[in-house]
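The values are calculated or read from the model by the stated rules, or taken from the named source; none is laboratory data. Predicted model, so just to flag it, every value in this text is computed and none were measured. Cβ placement follows ideal geometry from the backbone for every residue including glycine, while neighbour counts extend to all protein chains displayed. We work out accessible area using only protein heavy atoms, side chains counted, and drop any ligands, DNA or RNA first. Shrake-Rupley method; radii C 1.70, N 1.55, O 1.52, S 1.80 Å.
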Amino acid sequence: MTPTPEEVQPRTDAWLLEIDHLRVSYGRRRRTHTAVDDVTLNVGAGEAVGLVGESGSGKSTIGRAVLGLTASSSGRIRFEDTDITSVPAERRGALTADLQVVFQDPYGSLNPARTISQTLTEPLLTHRAMTAEQARARVQGLLDQVGLPADAANRYPAAFSGGQRQRIAIARALASNPKLVICDEPVSALDLSTQAQILNLLADLRADLGLAYLFIGHNLAVVRNLCDRVVVLYRGQVMETGPAAQVTGHPLHPYTAALVAAAPVADVAAQRERRLARVTVTEPLTVAHSGCPFAGRCPHVEDICRQQRPARVKVGESVVACHLFPSGKGDSHTSGSVDEKV
Amino acid sequence: MGSLALRRAAGAVPLLLVVWTAAFFLQQLIHGDPAAYVLGNTSTAAQRDQLDAAFGLHRSPLDQYLSTCANLLSGDLGRSWITSESVGRLLSTALPVTLSLALLSTLVTAAVGTALGIWAALRRGSRVDRILQLAAGAVTAVPNYWIAVGLVYLFAIQYRVLPATGYVQLNQSPGQWLQSLILPVIALSLAPIGPIFLQARSAVAEALDADYVRTVRALGIPRRRQVLKHGLRNAAAPIVTAVGFNTVGLLAGTVAVEQIFNLPGLGSQLLSGVLGHDVPVVQGVVLVFAVGVVIVNLAVDLLIGVLNPKARRA
Amino acid sequence: MSTVVHHADSPVGPAARAGRALATSPLTLTAVAWLVLVVLTSVFADQLAPFDPLTQNLTELLKPPSATHWLGTDSLGRDVLSRLMHGGDTLLWGAAEATAIAVALGLPAGLLSGYRGGIADAVISWLVDLTFAVPAFVVLVALAVIYPQNTAVMMAVLGVLGAGAATRLVRNSTRTVRDELFIDAARVSGLPLRTILFRHVLPTVVAPVIMLAATSMAICVIVLSSLSFLGLGGSPEAPSWGQMIYEASQNITVDSWLLVPPGAVLILTVIAFNLIANTVRDALPGGPTPRPVRHRRTVLAETAAQRPDADPQTLLGVHGLVVEFPSGPVVDGVTFAVRKGEILGLVGESGSGKTVTALAIPGLLPIDERITAGSVRFAGEELAGTTERRLSRVRGRGVAYIAQEPMAALDPCYTVGNQLRAALRHFGATRRAAAARTGDLLREVGISDPDRVMRCRPHQISGGIAQRVAIALALTGDPALLIADEPTTALDVTVQAAILDLFRNVVATGERALVLVSHDIGVVADVCDRVAVMYAGQIVEQGETDSVLGAPRHPYTRALLRSMPSLDTAGRLPVIPGSVPAPDAWPEGCRFAARCALATDACKKGPIPLMDVSGPSPRTTRCVRGHDLAPEPGR
């Protein structure tokens, strides 16, 4: 029994965030660099979607485009049926309350010259008509929610460790009661023992508040831990999308497989097996500009991979863009290409 | 590289045009009759008419501007209102003096500042380093004209080892040429050595702290090579910027220093032009100095282009 | 669950920090006091000066300092002190005028240009370039041809020209702030532009502007005094410092003293302005960090140094190593050994001291960190406390070091080939041999196109290739021991796997050993034969990798392993509460006790020694309950 396309990609109006054929390019004319190349993905209400990729995959750029911090070149971004593609953050008005962010760098994301209380009340006093007294009470509530002591409010960011600052950044994101939080590598700069604390906090908040996350990360295990669905990116393009357990447990795309195989596990015997089984993907000196972006490193590469960009094919619950899965010959389903555009 | 040089040089043209235009319209700011201004109130109407006629001062400002621009294109900077001498000839005799002074001073500041900077960077935190840093701050505050007068007193009056004033051309006697420039060059160089030293010290120190120097240190490569091949090479760009910036300041300093040492350079021409209300000479000097600044900035840009590894392609 | 880290001085904004720096440096306070004195005497010169500055006294010409004339008299018998007091007025006002104009124009232009970018930035930058191309002093002198002695006009022109520098400074500071994440966060909060500019951008620009204003005052004072020295600035009637120096120069053959008072006052005033500027600049973020303290080389206890090497297979023996920062120890009694053909992992979180330990072995610690106790024996030679000269003989040939950031570890100014050849030549290869070996080395580290990579500069290659080049560089001296500090942390995971394979090959000959520093337990599991787990400056557990990871005998190791997310499961993770203590907060007893689920009173009593818990293989743990932690079944 395979799901129909509607079950994987339900009705449009159910989505909180829809990204359609998004393209983001930097530079002009000959020096153009396309950071995000025809990316389509959706986040449902209360859903946690992981965006995984290595450096240069464009994962953070997608987040910044959604937040209105980076201009898109083409494509469409819709939040709750409102087109926000070319609306910079400053002009989003009340909508900014619903769409918040936690950045990677806990040191750069807090103004060192402002107290925690000043930082947390900023979004409160901007859009909600709150009295100073109400705002103070709300700050205490937020600090409690993220597990910080009440006396943190009057301190400056320098008094806190990386993990504590990340809690403050989360509190700021929560201040306006958002529906979707873009988490841009929120635990990448943290130590292992702190990382687990923050991941648990994010999971608890999601359960308590019904938040949706677009969780950007490079560590598959971290993403697997927190997310329902995973989108795998490579050089600005989506390689594979599917349920988290499916993508990490049974990767379809050779790049996803390489990513899963390369992540070392802390068990010597298991890691030895993984190492012997893995196919080393080399680093090419040049990148081909047509065809599949992974062709230069792929162990299964064929001529067609270098010439033609693979179509997105639905295989089981996943969608994969790879010539190993030709459209029309999907796993068992005959829906073929889920995308008319190649 | 060549194309960068051309582009930069082309970019400087409008800049010079603005400076030249501003310098020209300076004379329009004179209240009343320029001739009366030059000749003084005791002059007769006939004398003033003669000057007006000789220099076309009765024409409309635009008319005058266009004709001076046309003259400029053919290399003619006009004639002095006082002596009727060609400004171009006047300045071409003065230029070598100022050029010698500026070039020698630039060499001295660059060499001394960089050498001391490397020395201090290698001894960061030591007493010598701290003393040098304080001294650098102090010399920067000493006006060149004050130190010039002091030098004249010490070496020319008190000890009589060097000439107090005057200039000997290089092709007449290189030894005396150098002697006549020693004191002026010291007076000009002292203050700029401070900032160049500080920049060299911090740039070299930063390079020596960088990972790539640790890499060669970890290979057992001798300290001298670490400093000269890797430290200095990576610090070169900021040092060149500092030297260029201070050369511009040093050019300005030649005005007072030439005056004190009685050197017949551009600065002396400028001052006598100013005091004699000889506007064409003043305009000419301003233009030559502007060209000088543009050339220094251009040279710095090009050197940085060569020195910055990321600007070059493999 | 979290505790707030208390800091001695609670941090404040850059402007306030600059203000505090001004108030706490005695030198700067003196400078401020001097300026106050100069300004007050200038303003109240009429009331304070003992004589009229213009009254000539032909009976008292060129007198030396005396009780009546504290600083003597000049060639017309005028009182020098009185002239000095009257001489600062126009100078300081003129300088203030020019500075005010420069700031008033530069601040808004710089903010606009820096925050908005685009066309505004291009136009403003062109205008700024224009001001930099104008020979300002020459123009001021030239202006005197039209406006003789008109200080106000000259200073206005100087102010406009100086606005260029102010604009550039404000623009660059604004640019830096604009790229900060907290500005992005404010934008995402929907804050209007006005609020962002006033609340987040302007405060960070204030301190640089104060610095610029002080510098500008210093420059303007010199420029203006030069003009009056040349007889072009201010009325020739009113006394001014520059003019006094001119008069002194005319009388220099008769009386050189007259040069001193105006020169001294002028120079001190300029120094005072510069000092204030420097203090503010140093207090700015990115200013110089506190001066490094220079240590003398340590003479270490002979007992450790004379220990015989127990095992001829032992390549490196570190014993009781203590490394101190100026603030105190950060590595506290680390002991481990590495045998030939072995890969040892040093694993720990930030602040555990693993990187400092790695740097201490080949003597590559930064200038303000030093080994204060312990021994580092490499191939029978003591490296701790030895001279740089002896160390440099061991480095490269004996011990090689590979850094975390491959890009930063290669000199950006030279090609890959140049750097490799230079190293090979250093190790005695002929020019020809070095050229030939370079290609081979690059092939050995898995670079398929060595000729092309050789011609590249570091910024032209990818991080993975750069790390391969760095490894090749470390291999030029054919070292017996490699120390790699987080060599794969900056790399993508697929590249990391390949680099780890390369390390395995490099050690595979059996003659070489590798110490691999990492925070990633997975990396350690992948390549390391043995592992030493570090926490707060100490090794807390050491043994063969599979037994340490499979059955940890220290609660920290165990908790750390459990808190790792896995590819196979989701959901809440068991966490270690709290955070790693800072070196100045290390407790006397077990350093993990405050976060440990198994802690008892015995843990907090005093320093915990390493305990031998060897089973089939040697094993140590720094836990009083090490024996209680039975191997977990099934692992």
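Report the extension gain between C:Thr489 and C:Arg20 in nm, rounded to one decimal, defined as 0.36 nm multiplied by the number of residues separating them, less their alpha carbon distance. Don't skip to the answer; put the middle values down first.
Details: separation 469, 0.36 × 469 = 168.84 nm, distance 3.89 nm.
So the chain would gain 165.0 nm between C:Thr489 and C:Arg20.
What is the interface area between chains B and C, defined as buried accessible area summed over both chains with a 1.4 Å probe, reported in Å² to the nearest 100?
Numbers: alone 17310 and 32240 Å², together 43670 Å².
Buried area (both sides, nearest 100 Å²): 5900 Å².
Accessible area, 1.4 Å probe, largest first: how do A:Glu47, A:Glu133 sort?
Numbers: A:Glu47 30, A:Glu133 115 Å².
Final ranking, largest accessible area leading: A:Glu133, A:Glu47.
So what's Rg/Rh here for chain C, counting alpha carbon atoms and using the Kirkwood radius for Rh? Mind showing how you got there, number by number?
Values: Rg = 33.9 Å, Rh = 30.4 Å.
Dividing the radius of gyration by the Kirkwood radius yields 1.11.
Running Debye on region B:89-313 with equal point scatterers at the Cα sites and no solvent, what base-10 log of I(q)/I(0) appears at q = 0.07, 0.16 Å⁻¹?
Reported log10 I(q)/I(0), two decimals: -0.28, -1.10.
How large is the dipole of region B:193-238 about the Cα centre if only Lys and Arg carry +1 and Asp and Glu carry -1, each at its Cβ, rounded to the nearest 20 debye? Kindly include the intermediate steps, with their values, before the conclusion.
Numbers: 8 positive and 3 negative charges, 56 e Å.
Using Cβ point charges on Lys, Arg, Asp and Glu, region B:193-238 gives about 280 debye.
Which residues belonging to region C:130-151 lose at least 30 Å² of 1.4 Å-probe accessible area when the assembly is complete, relative to their chain isolated?
Going by heavy-atom accessible area, the residues of region C:130-151 that drop by at least 30 Å² are C:Leu130, C:Phe132, C:Ala133, C:Pro135, C:Phe137, C:Val138, C:Val141, C:Ala142, C:Val145, C:Ile146, C:Tyr147.
Could you give the length gained on full extension between A:Ser188 and A:Asn154, defined as 0.36 nm per residue of separation minus the Cα-Cα distance, in nm? Kindly include the intermediate steps, with their values, before the conclusion.
Working: separation 34, 0.36 × 34 = 12.24 nm, distance 2.72 nm.
Contour length minus the Cα-Cα distance gives 9.5 nm.
Can you give the convex hull volume per residue for the Cα atoms of region C:304-528, as a whole number of Å³? Display every interim value, and only then the final one.
Numbers: hull volume 28.1 nm³, N = 225.
In region C:304-528, the Cα convex hull volume per residue is 125 Å³.
Projected area of region C:502-635, taken from the Cα convex hull and averaged over every viewing direction, in nm²? Kindly include the intermediate steps, with their values, before the conclusion.
Details: hull surface 39.7 nm².
That works out to 9.9 nm², a quarter of the Cα hull's surface.
Which Rg and Dmax, in Å, describe the Cα atoms of region B:2-73?
17.1, 57
Going by Cβ distance under 4.7 Å, what cysteines of chain C have no possible disulfide partner?
C:Cys220, C:Cys413, C:Cys456, C:Cys528, C:Cys596, C:Cys623
With chain A treated as a Gaussian network of Cα nodes joined by springs under 10 Å, which of A:Asp37, A:Asp191, A:Asp105 yields the largest mean-square fluctuation?
In the Gaussian network model the winner is A:Asp191.
Treating the angle as unsigned and between 0 and 90°, give the value, to the nearest 10°, between the Cα long axis of helix A:162-174 and the longest Cα principal axis of chain A.
Approximately 80 degrees, to the nearest 10.
Which parts of region B:220-243, residue by residue, lose 50 Å² or more of accessible area when the rest of the protein chains are there, as against the chain isolated (1.4 Å probe)?
Checking the loss per residue gives B:Gly220, B:Lys229.
Leaving out ligands, DNA and RNA but keeping every protein chain, what accessible area does C:Arg397 have, in Å² rounded to the nearest 10, with a 1.4 Å probe?
110 Å²
Averaged per residue, what accessible surface does the protein assembly as shown expose to a 1.4 Å probe, in Å²? Write down the numbers at each step before the final one.
On the way: 54380 Å² over 1291 residues.
For the protein assembly as shown, the solvent-accessible area averages 42 Å² per residue.
Pairs of lysines 8 or more apart, or on different chains, with alpha carbons under 23 Å: count those in chain A, would you? Present the calculation step by step, with values, prior to reporting the outcome.
Numbers: A:Lys59/A:Lys179; A:Lys59/A:Lys314; A:Lys59/A:Lys341; A:Lys314/A:Lys329; A:Lys314/A:Lys341; A:Lys329/A:Lys341.
Taking the Cα cut-off of 23 Å, the pair count is 6.
Add +1 for every Lys or Arg and -1 for every Asp or Glu among the other residues with Cβ under 9 Å from the Cβ of C:Leu410, and state the total.
Numbers: positive: C:Arg457; negative: B:Asp211, C:Asp411.
Taking every other residue near C:Leu410 into account, the sum is -1.
How much of the DSSP bridge set in the protein assembly as shown is antiparallel, in percent, rounded to the nearest 5? All intermediate terms of the calculation are to be shown ahead of the outcome.
Values: 59 of 96 bridges.
Expressed as a percentage, antiparallel bridges in the protein assembly as shown total about 60.
Mind checking the log10 I(q)/I(0) for region A:5-249 at q = 0.10 Å⁻¹? Debye, one equal scatterer per Cα, no solvent, two decimals.
-0.47
On the full set of protein chains, 1.4 Å probe, figure out the accessible area of B:Lys229 and give it in Å² to the nearest 10.
Here the accessible area works out near 40 Å².
Among A:Asp204, A:Asp267, A:Asp20, which one shows the highest mean-square fluctuation when chain A is modelled as a Gaussian network with alpha-carbon springs under 10 Å?
Fluctuation is largest for A:Asp267.
How large is the convex hull of the Cα atoms of region A:137-289 per residue, expressed in Å³ as a whole number? Intermediate values should be presented prior to the final figure.
Values: hull volume 23.9 nm³, N = 153.
So the per-residue hull volume is 156 Å³.
Pop a pseudo-label 7 angstrom from the Cα along the beta-carbon direction at both B:Leu4 and B:Asn308 and give the gap in nm to one decimal.
The answer from the label model is 0.7 nm.
For B:Asp209, C:Asp184, give the ranking by accessible area with the largest first, probe 1.4 Å. Walk me through the numbers before you get to the answer.
Working: B:Asp209 105, C:Asp184 10 Å².
Descending order: B:Asp209, C:Asp184.
At A:Leu324 and C:Arg175, where each label point lies 7 Å from the Cα along Cα→Cβ, what is the point-to-point distance in nanometres?
In this crude spin-label approximation the distance works out to 4.6 nm.
Taking 0.36 nm per residue of separation and subtracting the Cα-Cα distance, what length does fully extending C:Trp586 through C:Ser350 add? List each step's numbers first, then the result.
Values: separation 236, 0.36 × 236 = 84.96 nm, distance 1.46 nm.
Residue separation times 0.36 nm, minus the Cα-Cα distance, leaves 83.5 nm.
Roughly how many Å² of A:Arg23 are accessible to a 1.4 Å probe, to the nearest 10?
For A:Arg23, solvent-accessible area is about 70 Å².
Considering only protein heavy atoms, with the full assembly of protein chains and a 1.4 angstrom probe, order B:Ile147, C:Ile183 by accessible area, largest first.
In descending accessible area the options line up as B:Ile147, C:Ile183.
Just grab the label-to-label distance for B:Gln28 and C:Ser327, each label 7 Å out from Cα along the Cβ direction, in nm (one decimal).
Inter-label distance under the simple model: 6.4 nm.
For an R0 of 45 angstrom, estimate the FRET efficiency from the Cβ-Cβ distance between C:Arg339 and B:Asp209 and round to the nearest 0.05.
Working: r = 34 Å, r/R0 = 0.76.
It comes to 0.85.
Label region C:536-584 by shape, choosing from rounded, prolate and oblate, from the square roots a ≥ b ≥ c of the eigenvalues of the Cα gyration tensor; if a/c is under 1.5 it is rounded, and otherwise prolate applies when a/b is larger than b/c, oblate when it is not.
Numbers: a/c = 2.92, a/b = 1.18, b/c = 2.46.
Note, shape of region C:536-584 comes out oblate.
List the accessible area buried at the contact between C and A, summed over both sides and calculated with a 1.4 Å probe, in Å² to the nearest 100.
Working: alone 32240 and 16970 Å², together 42990 Å².
Roughly 6200 Å² of accessible surface disappears when C and A pair.
Tell me the carbon and sulfur percent of the accessible area for the protein assembly as shown, rounded to whole percent, probe radius 1.4 Å.
Working: 31290 of 54380 Å².
Roughly 58 percent of what the probe reaches on the protein assembly as shown is carbon or sulfur.
Enumerate the whole-percent occupancy of each 10 Å bin, from 0 to the last occupied one, for all C-alpha pair distances of the protein assembly as shown.
2, 8, 14, 17, 18, 15, 11, 8, 5, 2, 0, 0, 0
Sort out for me the Cα centre separation of region C:380-428 from region C:228-252, rounded to whole Å.
Using only Cα atoms, the two centres lie 61 Å from each other.
Between B:Ser92 and B:Ile157, what FRET efficiency follows from the Cβ-Cβ distance if R0 is 22 Å, with the result rounded to 0.05?
The computed FRET efficiency comes out at 0.10.
Please give the FRET efficiency for B:Arg225 paired with C:Asp501, using the beta carbon to beta carbon distance and R0 = 25 Å, rounded to the nearest 0.05. Walk me through the intermediate numbers first.
Numbers: r = 33 Å, r/R0 = 1.34.
For B:Arg225 and C:Asp501, the calculated efficiency is 0.15.
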